[in-house]
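One structure is given below, encoded as structure tokens.
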Amino acid sequence: MHNPAFPKYSDLVIDRIRQLRVICEQLNEGPIENMVIRMEPGCLLDELNAVIQLKANQLTKSKSEMMDNSSVSICQNYVFGRCTLGATCLQSHTTQSLTKYMEGWMARRLVAVSEEDAYFTSHKTLHAKEGFGVEAWMVVLQLLPNTVFNRLVIRSIDKQTAKILCHVIAHNTCPSVTDVDLCKNNLCLLYPAGVTKLANAILTNTTLQSLSISDNCFGNIGTIALLQSLRPNANTTLRSINLANNNIDFADSKTAQILVKSFKNALRLQKIGLACNNIGGAGMELLVNALSQHEIVYLDFYHCNVGDVGVLHLCEFIKSSTTLQALELGWNGISSDVITPLCSVLEVNRSLEALLLSQNMNIGRKGTLALADMLKKNNTLGFLDLRWTNPGEEGLSSLLEAMTTNRGMRSIQFQHNDLDPTVEAMANDRMKKRFYTINGKLESLESLQW
């Protein structure tokens, strides 16, 4: 019988492989890269120990070089393009020192993101929140092809940064990047021509899957220009686009027709974010008709002035869709009157897993009771957001009762509803004790974030 005080040989091998994997992840390389291991009896453990020591030495050297690069004495004003002293400046302005500094900066800004926090896969993110000067960005451009990361986040963008970024996207300079985040940059105000350049860059890019460009003042004209790059005959691989808070307005019927035509031609899109834009009920009718041929997975219409009329049009879309997994309808002036027809559609729907209805105060008790009846028949829906919807104690009790027979519901958010503390505490306790078998594609509401 095996003595637990002495590990099995196989357990020791597994432990060494785990150690090797951790070190290789930090080195950003595969564990079998440039590695030859003899599989002879009794040799495997010794070989693994030798490889672990080799990789550990490489990691120590890499960290030492990173420390050296981060401590380069370089003029900070030069890095950010603001030094006016020229040759009289006492700190370094050389290309060599700038390259070392930017190498250290890129190493420090590469952040590993775990699978549960990423929408597609395990990501490495390069956060670029500083407004660098022209020389610094040119160095970054040269370093990008040799840097492996999946997500690029840029804040404090300027005209020069936008030009370089468009060049990177257009020429697939960094093929590992699948996700670009340019939110909150006011790009159209700083660099109006940047929208056209970005659209042309996307047209030729063959690796980008997700683009988040909220809060950039695109307006209708900029949005149309951008969507033109996603037409069917383009080479783009883009599947996800976040256009939240970009002054997009469907109120003008002529412009709305052009907008929906652009969306209609962007057949590859599966995830669309239009939060905080003025869509309205009439605009929603045009939009859902345009998206009827798409394989849409996620629609974000938070604070889009959708109203009951818009939800009725969405019901027709949900009825015909077999791919829609998540729908955000928070803060849209939705009342209990439209919840009943929505629930009728959801009773037979087998794809929607998340329905977010927060900040629709008029859903009330009546609407919540309709949702509870629907949950008795729908075992696909896993997330329901009813914060600030006034469900009342009766409505909340009916939801909890429905969950006794519902096999799919994993989370109901009902905070901020002025409920009796005793009832709310009971509901929270019920939610904590409930056992969820996660068999859907969405494992958390966080996976819906852009």
Sole miss for residue 373 among (1) at pLDDT 90 or above; (2) more than 27 Å from the chain's Cα centre (by Cα); (3) more than 21 Å from residue 351 (Cβ to Cβ) is condition (3)
Task: Residue match in segment 257-268 (condition: part of a loop (DSSP other than H, G, I, E, B) and either in contact with an Asp or Glu (Cβ under 6 Å, 6 or more places away or on another chain) or within 24 Å of residue 151 (Cβ to Cβ) (or both)) - done: yes
Can you confirm whether residue 370 is among the aliphatic types (A, V, I, L, M) and more than 17 Å from residue 335 (Cβ to Cβ)? no
*Confirm whether residue 243 is closer than 18 Å to residue 287 by Cα and in the same structural domain as residue 153 (by TED's automatic domain parsing).*
yes
How many residues of segment 175-212 are surrounded by fewer than 17 Cβ atoms within 10 Å (Cβ to Cβ), of a type in the set (Ser, Thr, Tyr) and under 22 Å from the mean Cα position of the chain (by Cα)? The answer is 3
Picked from segment 35-89 (must be among the β-branched types (Val, Ile, Thr) and in contact with a Phe, Trp or Tyr (Cβ under 9 Å, 6 or more places away or on another chain)), the residue modelled with the highest pLDDT is 74
The residue that is surrounded by the fewest Cβ atoms within 10 Å (Cβ to Cβ), considering only those in segment 90-132 that are at pLDDT below 70 and of a type in the set (Lys, Arg), is 129
Residue pairs within 6 Å by beta carbon, gap of at least six or interchain, first lying in segment 154-176 and assigned by TED's automatic domain parsing to the domain that holds residue 191 and more than 19 Å from residue 199 (Cβ to Cβ), second surrounded by fewer than 17 Cβ atoms within 10 Å (Cβ to Cβ) and of a type in the set (S, T, N, Q), listed first then second, are 175/207
Picking from 407, 350, 434, the residue that is under 29 Å from the mean Cα position of the chain (by Cα), surrounded by fewer than 17 Cβ atoms within 10 Å (Cβ to Cβ) and modelled with pLDDT of 90 or more would be 350
Q.
Could you go through segment 246-261 and let me know if any residue there is within 18 Å of the chain's Cα centre (by Cα), surrounded by fewer than 20 Cβ atoms within 10 Å (Cβ to Cβ) and modelled with pLDDT of 80 or more.
A. no
Checked pairs for segment 411-430, first of a type in the set (Lys, Arg), second at pLDDT 85 or above, C-beta under 9 Å and 6 or more apart or across chains, list as 430/400; 430/403
Residue 365 passes all but one of the listed conditions (1) under 30 Å from residue 272 (Cα atoms); (2) at pLDDT 95 or above; the exception is number (1)
Considering residues that are surrounded by fewer than 18 Cβ atoms within 10 Å (Cβ to Cβ) and either part of a strand (DSSP E or B) or polar (S, T, N, Q) (or both), the number found within segment 292-301 is 2
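The values are calculated or read from the model by the stated rules, or taken from the named source; none is laboratory data. Just so it is clear, the structure is predicted and the values come from calculations on it, not from any experiment. Counting neighbours? That spans all protein chains shown, and the Cβs are built from the backbone with ideal geometry, glycine included.
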